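Heads up: the structure comes next, in structure tokens.
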Amino acid sequence: MKVIVDLEACQGYACCMIEAPEVFDLDESAGKATVLEEAPPEERREQVEAAVRNCPARAISLENG
Ligand code: SF4
């Protein structure tokens, strides 16, 4: 699983870091998400999928499932 954030689409809502704080952080000066773990372990799948679902800008996608 590889996490990709479309920074053009990201609006800095920070829902992703609330759902998966080990995987996402917010760059407050840029107002954009940053990915802390580009290839998170399987045990974080549920959190990461929740972040994908809850991103209001639909800016997060997963590669390789
Ligand atoms: S939830 Fe979506 S729009 Fe908000 S910071 Fe995360 S990636 Fe960006």
Exercise for the section: Starting from the chain, pick out the trypsin sites (Lys or Arg not before Pro) whose DSSP state is loop and whose Cβ has at most 13 other Cβ atoms within 10 Å. Expected result: Arg58
Handout entry: Percent accessible area from carbon and sulfur atoms, the chain, protein chains only, probe 1.4 Å
Key = 45
Problem - Point-to-point label distance, Ala9-Asn54, nm (Cα→Cβ direction, 7 Å offset) - result: 1.8
Practice task
Exposed loop GluC sites (Glu not before Pro) only (DSSP loop, at most 12 other Cβ atoms within 10 Å): please give the longest stretch of the chain free of them, not including the sites.
Solution key: 39-65
Problem - Calculated P(r) tail over 13 Å for the range 2-63, as whole % of Cα pairs - result: 52
Fill in the blank from the handout: Amide H proximity to Leu26 below 5 Å, modelled H, separation 5+ or other chain, gives Thr34
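The values are calculated or read from the model by the stated rules, or taken from the named source; none is laboratory data. Everything numeric in this text was worked out from a predicted model, so none of it was measured. Positions of Cβ are generated from backbone atoms using ideal geometry, with glycine treated the same way; all protein chains shown enter the neighbour counts. Each accessible area value is taken on the protein alone, full model and side chains, heavy atoms only, with ligands, DNA and RNA left out. Shrake-Rupley method; radii C 1.70, N 1.55, O 1.52, S 1.80 Å.
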